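The values are calculated or read from the model by the stated rules, or taken from the named source; none is laboratory data. Keep in mind it's a predicted model, so treat the numbers as computed, not measured. Here the Cβ positions follow ideal geometry from the backbone for every residue, glycine too, while neighbour counts run over all protein chains shown.
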Ligand code: GAR
């Protein structure tokens with residue numbers, strides 16, 4: 001039998017990527033719309049979700065969609081909280097036999113020590129064609145710059161922020177009539193396609 005890949009999702013905000021991964025990979029989801037996705041069988045298991053923001057929408061959304069997935073709030077707003085966050089996260093990783101850490105809109109930086117300890121086991125999605133538009137507000141930065149093409153990157157996390165080896169990338173064209181809002185929708189749609197596909201590719 002194939003080895004199960006147990007993932008923990010880290011998220012800070014809205015949670016559309018976290019929810020999408022749960023719909024794709026968690027067969028017990030209570031989300032009726034996910035029924036059509038249930039034939040996507042693979043060895044990826046969403047074992048837990050962690051948010052660093054207490055009232056982030058992702059927490060409630062995951063609890064409603066998949067009440068059997070444990071959801072944790074571990075405070076990490078300022079750098080002073082990072083050590084505690086990473087220590088508690090490591091306990092969760094041990095408890096649930098986690099072998100992959102999936103960042104889905106996780107807006108904090110993990111320490112070099114933590115990233116090195118989990119070398120090639122931390123994966124991130126970023127809303128631009130890296131190495132362009134690293135950091136926060138990448139969709140707006142690309143829109144404001146006036147590039148004609150932007151996109152989405154899935155990559156391994158390394159100690160240098162938004163710089164790890166690329167797993168996959170997809171281009172999103174910015175049309176003349178696009179607004180920031182319409183571009184955000186296009187980027188999120190693309191993210192919801194390529195993140196599950198990238199994880200399946202890695203763990204197939
Ligand atoms: C996504 O667009 C993701 O690529 C981005 O945050 C958004 C989270 O949306 N991540 C980064 O910018 C990381 N540098 P979601 O909460 O709806 O999944």
So, residue 172, is that one farther than 26 Å from residue 8 by Cβ and either within 12 Å of the ligand (Cβ to nearest atom) or modelled with pLDDT under 95 (or both) or not?
yes
Going by what's in this entry, would residue 182 be described as free of Cβ contacts under 8 Å to residues at least 60 places away in the same chain, under 25 Å from residue 52 (Cα atoms), away from the ligand (no atom under 13 Å from the Cβ) and out of contact with any helix residue (DSSP H, G or I) (no Cβ under 9 Å at 6 or more places or on another chain)?
no
Which one of these does residue 78 not meet: (1) out of contact with any strand residue (DSSP E or B) (no Cβ under 8 Å at 6 or more places or on another chain); (2) modelled with pLDDT of 95 or more; (3) farther than 30 Å from residue 204 by Cα?
(2)
Name the single residue that is surrounded by the most Cβ atoms within 10 Å (Cβ to Cβ) among those in the stretch 119-148 being more than 12 Å from the ligand (Cβ to nearest atom) and in a helix (DSSP H, G or I).
143
Considering residues that are touching a helix residue (DSSP H, G or I) at 6+ places or on another chain (Cβ under 8 Å) and either closer than 10 Å to residue 156 by Cα or not in a strand (DSSP E or B) (or both), the number found within the stretch 91-100 is 1
Selection from the stretch 65-90 of residues in contact with a helix residue (DSSP H, G or I) (Cβ under 7 Å, 6 or more places away or on another chain) and either part of a helix (DSSP H, G or I) or without any contact (Cβ under 8 Å) to a residue 24 or more places away in the chain (or both) yields 65, 71, 73, 75, 86
Criterion violated by residue 35 - all others in (1) modelled with pLDDT of 95 or more; (2) assigned to a helix (DSSP H, G or I) satisfied
(1)
Which one of these does residue 114 not meet: (1) within 14 Å of the ligand (Cβ to nearest atom); (2) over 13 Å from the mean Cα position of the chain (by Cα)?
(1)
Is there any pair with a first residue in the stretch 124-150 that is touching a residue at least 40 places away in the same chain (Cβ under 8 Å) and more than 15 Å from residue 184 (Cβ to Cβ) and a second that is assigned to a strand (DSSP E or B) and more than 13 Å from the ligand (Cβ to nearest atom) whose Cβ atoms are under 7 Å apart and which are 6 or more apart or on different chains, and what are they?
129/171
Output the number of the condition that residue 61 fails; it satisfies all remaining conditions of (1) within 22 Å of residue 23 (Cβ to Cβ); (2) surrounded by fewer than 20 Cβ atoms within 10 Å (Cβ to Cβ).
(2)
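The rows are residues; the columns are (1) within 21 Å of residue 109 (Cβ to Cβ); (2) at pLDDT 95 or above; (3) in a loop (DSSP other than H, G, I, E, B).
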{"site": "7", "(1), (2), (3)": "yes, yes, no"}
{"site": "10", "(1), (2), (3)": "yes, yes, no"}
{"site": "29", "(1), (2), (3)": "no, no, yes"}
{"site": "47", "(1), (2), (3)": "no, yes, no"}
{"site": "58", "(1), (2), (3)": "yes, yes, no"}
{"site": "63", "(1), (2), (3)": "no, yes, no"}
Yes/no for residue 171 being in contact (Cβ under 8 Å) with a residue 40 or more places away in the chain and assigned to a loop (DSSP other than H, G, I, E, B)
no
